Each structure stands twice: as C-alpha cells, then as structure tokens.
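Chemist: Before we start, here is the structure in question, set down as structure tokens.
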Amino acid sequence: MTTLRAVKGMNDVLPEALPRWRRVEAAFRAITARHGYAEVRTPIVEPTQLFIRSIGEATDIVEKEMYTFVDKGDDMLTLRPEGTASAVRAYIEHAVHGREPISKWSYLGPMFRRERPARGRYRQFWQAGVECFGDGGPFVDAEMIDMVVTLLGELGVQDLEVLVNSLGSGDTRDRYREALTAHLAPHRDRLSEDSQRRLASNPLRILDSKSPADQELCAGAPDLVDFLGPEDRAHFEGLQGALRALGTPFRVAPRLVRGLDYYSRTLFEVQGRGGELGAQNTLCGGGRYDGLVRTLGGPDVPSIGFAMGIERILLLTGGADTAPTVDVAVAVADASLREEALVLLRDLRAAGLVADGDLRGGSLKSQLRRAADKLGARAVLVLGPAESERGVVQLKDLAAHSQSEIPRAEVVLRVQALVRESK
RNA sequence: GUGGCCGUAGCUCAGUCGGUAGAGCAUCGGAUUGUGGCUCCGAGUGUCGCGGGUUCGAUCCCCGUCGGUCACCCCA
C-alpha cells in the first residue's frame, strides 16, 4: 500500500517496448528531415501565462487540464499541455524571423494534461509535431497534411481519414459565432446540458457534440464556409486543389472545430479507424495560426503546424516487443575464470562487438541457456580451466551447432568474421 | 469531471454456493562429474489492489479508496 507508483495517467516505457517507439520516432524524424524541418527543443515548463494567452482562457485545456504550480521564486509555471505555444515563444524570443523568411521546426516530447485517463489518452503523453513559420499560402498546408498521411502510411497505418475545414480569419469566426448562437439560442432548452453551458462559453464546440439532439439542432445551423471572406475562401480552395493535385484523400468537415483558440483558416485532423483506438481516434491534429506570433508579441508571421500522438499511433502500429540481442556471449566453466572473461568481454566490445555474459558464477548450462534464449547470441565463447592453460577458448556457433577451439589471440577476429557472415 | 465494468502468483487466467487458493507461461535447479534451443523431473513465490463493515470466520457479501477500462466530456 505504501509502495510508490507512477503518477496516475503517466506511464513507464520499459526497454522491451522501446524499439516500437523508436521506429515511430525514426520515421517521424526521417520524413520531417526530408521536408526540411529541423528539430527544436524547448523547456517542458513554461510561464503559465504563455498558455493562457495562446491556447485561450476559455478552452478546456486552460480551464481545467493544466498542471500549474508556483515555484519557490513565486513564479507561476505550467507543464506544457502542447507544443506550439513554446515553439512560438522561442521563435519570438530569438528573433528568428529576422534571420530567415521561413522557419521549419519539428519537435518530439512529452506533454501534460490532467484529464481522465483512458486508452490512448494519458496525462503525460508524447507528441511529435512541426511548425512552419513564414509561409501563409495554402500549399504548405497541403504539403503538411500530405506529409502526415505519408508518414502514417510508412508506419503501416492505412485506414485513416483526413478532415479539413477552414475557420476563416479576422472576425469571420466572431461573426459566425454570433450567427450560430442566434440560431441555437431559441432552442436552448433542447440542447444537452454540456451544450447549454457551451452556448455562452464556446458555441462552436456544440457543432461536434455527439449528442443526437445537439446534432439535430445543428443540422439547420448556418455553415461556417458561408462566412468566409474572399481571401479565406481562396485559401481554402487552394488547399483543396493542392491536396487533389497530390492525390491525398480528404474530406471537408464543416463541423470540424478544434479546442484551441489560436487557429485561423486551415484546420485539419487525421483520424484512425482501428478498433484498438477506442474513442480517442484522433491521431493527429493541426492547423494554421496566422495571428498567434503577433498575439504573443512577435511580428505578423503566418504559421501552421500539427502534432500527432505517439501513443495512439503505437496502438495501431502494433508489433511485438523485442529484446535486444548480442553478437557474442562469454561463458565460464569455472568461477575462477571470471576475471579472464571480464577482460575478454572488454576486448570484444572494444572491437565494436555487442558482447555480454553472465558473470554471476552460475552453472555453465544456465549461462548457455541465457546466451541462446535470452541474449539471442550468435556465438558463445566458453572459457575453461584446461583451455585457459593452453591459451585457447571454445568458440561455439549457436546457429550451426558447431564448436571449435581457437587461440585466445585470434578470438576477436574470429568472432568478427562469424558475426559479419551471419549479418 | 460524470456514469458503467473490472482488480487472484512476474504474465494470462481458473476457483472458493463465505471456512485464508490453483493451472499454463515465465524463472530457477536437475536428467554420467564443463555445454543452449526439444523432452522429462523438481522448486519457489501470492498480506486474492488497499482500508473499513457484516459474520464464529471473507479472497468471495456491503461501503469507501486506489488503479485499470468503456462511454460521455475533451483531445494527441
């Protein structure tokens, strides 16, 4: 009972599971690199104010999900709930816009939100994302969406859907909010409890409510697209044209609204469909935030980004956990030879071989069993008293079931040759 | 945050109509004294999530709590 456990919703990733994570991370790093994105690393803790001003005061994240605390210097700090705010902060702080017209950044790391944990939703979760500053055109948007789809495809995630929408810019959102509120207000009593509350705080969110009654009332609601100005409309059409040119399947989702206030114009989401996902089927979400850099005190630089949830992708990429394997193991027939084994292991490793051995002094049988089963060794070097006197060791080829005696001086070369041939 | 379901050895799970519990896998040891994967034999472990209540007695009933999970909410 008094044993310490990990904080609820925060998970350990044990060594055997790590190769699966690495595969996803490597694919992400590779494709972003091909697109010219460079990795950026920002602190995990930021001034609380940063998130309030970027994500928005009335959002769920800021209202109830942030890990916020006062540190010993009386500063109010928050564990980052997402990556964009920090990236924008860093972009402004280092005056990056003055050095280059376009900056393409990628990041990968843990985020924190205090929500009720469920499958695919954790309080500490990992996101991989990118931010592109300085290009306001629709082609970057399309390029980014296509990049995500390609990445997921490379990871074996095929069954997915790309949703895009446009929130417009400037006051379109405000005008639309008013129109929507006007449409729904007369039917207030028929809205779900949550939506009645949202009518005042964030009416756009009612659009993607799952309540049938809400859906019904929204059916006749005005469409956001109709409120777009000519430029917003051109941008949105440009995006769709570009996606068609790229052959990236997508669906316009007029009801798609995301929970962060900073979005403008393009909004997109990639949803997975595997049964493994549960209700959390959003693999990746993103959008344009043309006003954010300015809002946070920087110049007027249009930007767009997305983030994908690593744990959710892992639910779909599956794959078995794997144990690390070694090239060669060293076993001793007698405990007195353990020092000799130690030196031999050192020499093998110095030559670049992955070498391991059980030096606890157990039976030779158990050492071999461990070498073959657990370590997955290609070969085992057996040191025995008799061989030691003659300056030789037994080289056992586990795959070929053969064994030969070789001079101690040739061990490294012989093992290298064996390993090379089996690779 | 709200509601439902679940919580037994390291893992997957069985079980006790309430009398303190088991199987497989895994682990370890052995099967001619220094040699793996197959086979056979053997060994060990659980405060039956935790706390309280009912009871002569609870792992099995009730309450709470923690954790997980599903739906809602929200989102990656």
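Chemist: What's the number of the only condition in (1) modelled with pLDDT of 95 or more; (2) in contact with a strand residue (DSSP E or B) (Cβ under 6 Å, 6 or more places away or on another chain) that A:ASP146 fails to meet?
Modeler: Result: A:ASP146 fails condition (2) only.
Chemist: Only one of A:LEU152, A:LEU163 is assigned by TED's automatic domain parsing to the domain that holds A:VAL24, assigned to a helix (DSSP H, G or I) and at pLDDT 85 or above; which?
Modeler: A:LEU152
Chemist: Quick one: in the range A:51-82, of everything that is of a type outside the set (A, V, I, L, M) and part of a strand (DSSP E or B), which residue is surrounded by the most Cβ atoms within 10 Å (Cβ to Cβ)?
Modeler: So the first thing to find is which residues in the range A:51-82 are of a type outside the set (A, V, I, L, M), and the list is A:51, A:53-54, A:56-57, A:59-60, A:63-65, A:67-69, A:71-75, A:78, A:80-82.
Okay, now just the ones that are also part of a strand (DSSP E or B), so A:67-69, A:78.
Details: A:TYR67: 16, A:THR68: 15, A:PHE69: 12, A:THR78: 21.
Of everything passing the filter in the range A:51-82, A:THR78 is surrounded by the most Cβ atoms within 10 Å (Cβ to Cβ).
Per-residue answers, yes or no, for (1) crowded, with 18+ Cβ neighbours inside 10 Å; (2) in contact with a helix residue (DSSP H, G or I) (Cβ under 6 Å, 6 or more places away or on another chain); (3) among the small types (Gly, Ala, Ser); (4) outside the structural domain of A:GLU276 (by TED's automatic domain parsing):
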{"position": "A:ARG89", "(1), (2), (3), (4)": "yes, yes, no, no"}
{"position": "A:GLY98", "(1), (2), (3), (4)": "no, no, yes, no"}
{"position": "A:PHE112", "(1), (2), (3), (4)": "yes, no, no, no"}
{"position": "A:GLU115", "(1), (2), (3), (4)": "no, yes, no, no"}
{"position": "A:GLY120", "(1), (2), (3), (4)": "yes, yes, yes, no"}
{"position": "A:PHE125", "(1), (2), (3), (4)": "yes, yes, no, no"}
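Chemist: Could you please give the count of residues in the range A:326-383 that are at pLDDT 90 or above, within 23 Å of A:ALA417 (Cβ to Cβ) and part of a helix (DSSP H, G or I)?
Modeler: Within the range A:326-383, residues that are at pLDDT 90 or above, within 23 Å of A:ALA417 (Cβ to Cβ) and part of a helix (DSSP H, G or I) number 10.
This table checks each residue for (1) assigned to a helix (DSSP H, G or I); (2) over 23 Å from A:ARG116 (Cα atoms); (3) of a type outside the set (Ser, Thr, Tyr).
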residue: A:LEU184; (1), (2), (3): yes, yes, yes
residue: A:ARG197; (1), (2), (3): yes, no, yes
residue: A:PRO222; (1), (2), (3): no, yes, yes
residue: A:ASP232; (1), (2), (3): yes, yes, yes
residue: A:PHE236; (1), (2), (3): yes, yes, yes
residue: A:ARG244; (1), (2), (3): yes, yes, yes
residue: A:LEU267; (1), (2), (3): no, yes, yes
residue: A:GLN280; (1), (2), (3): no, no, yes
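Chemist: Output yes when any residue across the range A:290-309 is away from RNA strand B (no atom under 11 Å from the Cβ), among the acidic types (Asp, Glu), touching a strand residue (DSSP E or B) at 6+ places or on another chain (Cβ under 7 Å) and closer than 26 Å to A:LYS104 by Cα, and no when none is.
Modeler: Yes, the range A:290-309 has at least one match.
Chemist: Which of the residues spanning the range A:166-191 are crowded, with 16+ Cβ neighbours inside 10 Å and modelled with pLDDT under 80?
Modeler: Once the filter is applied, which keeps residues that are crowded, with 16+ Cβ neighbours inside 10 Å and modelled with pLDDT under 80, the range A:166-191 yields nothing.
Chemist: Would it be correct to say that A:ALA323 is touching a helix residue (DSSP H, G or I) at 6+ places or on another chain (Cβ under 7 Å), more than 9 Å from RNA strand B (Cβ to nearest atom), at pLDDT 95 or above and hydrophobic (A, V, I, L, M, F, W, C)?
Modeler: On the way: touching a helix residue (DSSP H, G or I) at 6+ places or on another chain (Cβ under 7 Å): yes; more than 9 Å from RNA strand B (Cβ to nearest atom): yes; at pLDDT 95 or above: no; hydrophobic (A, V, I, L, M, F, W, C): yes.
The answer is no for A:ALA323.
Chemist: If you take the residues in the range A:386-403 that are part of a loop (DSSP other than H, G, I, E, B) and more than 18 Å from A:LEU348 (Cα to Cα), which one is nearest to RNA strand B (Cβ to nearest atom)? First the steps, then the outcome.
Modeler: Start the filter on the range A:386-403 by keeping residues that are part of a loop (DSSP other than H, G, I, E, B), which leaves A:391, A:398-401.
Okay, now just the ones that are also more than 18 Å from A:LEU348 (Cα to Cα), so A:399-401.
Working: A:ALA399: 6, A:ALA400: 7, A:HIS401: 4 Å.
Filtering first and then ranking leaves A:HIS401.
Chemist: To continue, here is another question. Select from the range A:8-35 the residues that are surrounded by 12 or more Cβ atoms within 10 Å (Cβ to Cβ), assigned to a loop (DSSP other than H, G, I, E, B) and touching a residue at least 24 places away in the same chain (Cβ under 8 Å) and list them in ascending order.
Modeler: Matches in the range A:8-35: A:GLY9, A:MET10, A:ASN11, A:HIS35.
Chemist: Turning to a different aspect of this structure: Of the residues A:LEU353, A:LEU337, A:LEU348, A:LEU315, which is touching a residue at least 60 places away in the same chain (Cβ under 8 Å) and within 14 Å of RNA strand B (Cβ to nearest atom)?
Modeler: On the way: A:LEU353 fails: within 14 Å of RNA strand B (Cβ to nearest atom); A:LEU337 fails: touching a residue at least 60 places away in the same chain (Cβ under 8 Å); A:LEU348 fails: within 14 Å of RNA strand B (Cβ to nearest atom).
Checking each option against the conditions leaves just A:LEU315.
Chemist: Another question, then. Under 22 Å from A:VAL140 (Cα atoms), touching a residue at least 12 places away in the same chain (Cβ under 8 Å) and either in contact with a strand residue (DSSP E or B) (Cβ under 6 Å, 6 or more places away or on another chain) or buried (at least 22 other Cβ atoms within 10 Å of the Cβ) (or both), is that true of A:ALA85?
Modeler: Numbers: under 22 Å from A:VAL140 (Cα atoms): yes; touching a residue at least 12 places away in the same chain (Cβ under 8 Å): yes; either in contact with a strand residue (DSSP E or B) (Cβ under 6 Å, 6 or more places away or on another chain) or buried (at least 22 other Cβ atoms within 10 Å of the Cβ) (or both): yes.
For A:ALA85, the condition - under 22 Å from A:VAL140 (Cα atoms), touching a residue at least 12 places away in the same chain (Cβ under 8 Å) and either in contact with a strand residue (DSSP E or B) (Cβ under 6 Å, 6 or more places away or on another chain) or buried (at least 22 other Cβ atoms within 10 Å of the Cβ) (or both) - is met.
Chemist: Also: Collect the residues in the range A:102-123 that are closer than 16 Å to A:ILE313 by Cα, within 13 Å of the chain's Cα centre (by Cα) and in a strand (DSSP E or B), keeping them in residue-number order. Working first, answer last.
Modeler: Applying the first criterion (closer than 16 Å to A:ILE313 by Cα) to the range A:102-123 yields A:108-111, A:118-122.
If we keep only those that are within 13 Å of the chain's Cα centre (by Cα) too, we end up with A:108-111, A:120-122.
Answer for the range A:102-123, where residues must be closer than 16 Å to A:ILE313 by Cα, within 13 Å of the chain's Cα centre (by Cα) and in a strand (DSSP E or B): A:LEU108, A:GLY109, A:PRO110, A:MET111, A:ARG121.
Chemist: Tell me, yes or no, whether the range A:270-278 has at least one residue that is in a strand (DSSP E or B), within 12 Å of RNA strand B (Cβ to nearest atom) and of a type outside the set (Val, Ile, Thr).
Modeler: We begin by selecting, within the range A:270-278, every residue in a strand (DSSP E or B); these are A:270-272.
From what's left, within 12 Å of RNA strand B (Cβ to nearest atom): A:270-272.
Checking which are of a type outside the set (Val, Ile, Thr) leaves us with A:271-272.
Within the range A:270-278 (the criterion being in a strand (DSSP E or B), within 12 Å of RNA strand B (Cβ to nearest atom) and of a type outside the set (Val, Ile, Thr)), the answer is yes, since at least one residue qualifies.
Chemist: Still on this structure, I have one more. Consider only pairs whose beta carbons are under 8 Å apart and that are at least six residues apart or on different chains; among these, list those whose first residue lies in the range A:180-200 and is of a type in the set (Val, Ile, Thr) and whose second residue is surrounded by 15 or more Cβ atoms within 10 Å (Cβ to Cβ).
Modeler: Listed by first residue and then by second, the contacts come to A:THR181/A:LEU199; A:THR181/A:PRO203.
Chemist: Can I ask one more? How about the range A:149-168: which of its residues are touching a residue at least 12 places away in the same chain (Cβ under 8 Å), farther than 14 Å from A:VAL257 by Cα and not aliphatic (A, V, I, L, M)?
Modeler: Within the range A:149-168, A:THR150, A:GLU154, A:GLY156, A:ASP159, A:GLU161 qualify.
Chemist: So which of A:ALA371, A:ALA400, A:ALA417, A:ALA350 ends up being among the small types (Gly, Ala, Ser), closer than 30 Å to A:PRO15 by Cα and surrounded by 16 or more Cβ atoms within 10 Å (Cβ to Cβ)? Even if it seems obvious, please write down each step before you answer.
Modeler: Working: A:ALA400 fails: surrounded by 16 or more Cβ atoms within 10 Å (Cβ to Cβ); A:ALA417 fails: surrounded by 16 or more Cβ atoms within 10 Å (Cβ to Cβ); A:ALA350 fails: surrounded by 16 or more Cβ atoms within 10 Å (Cβ to Cβ).
Criteria check complete, one pass: A:ALA371.
Chemist: For the range A:312-320, indicate whether the set of residues that are more than 29 Å from A:ARG80 (Cβ to Cβ), touching a strand residue (DSSP E or B) at 6+ places or on another chain (Cβ under 8 Å) and not in a loop (DSSP other than H, G, I, E, B) is non-empty.
Modeler: For the range A:312-320, residues more than 29 Å from A:ARG80 (Cβ to Cβ), touching a strand residue (DSSP E or B) at 6+ places or on another chain (Cβ under 8 Å) and not in a loop (DSSP other than H, G, I, E, B): absent.
The values are calculated or read from the model by the stated rules, or taken from the named source; none is laboratory data. None of the values given here were measured: they were computed from a predicted structure. No Cβ is skipped: glycine too gets one built from the backbone with ideal geometry, and neighbour counts run over all protein chains shown.
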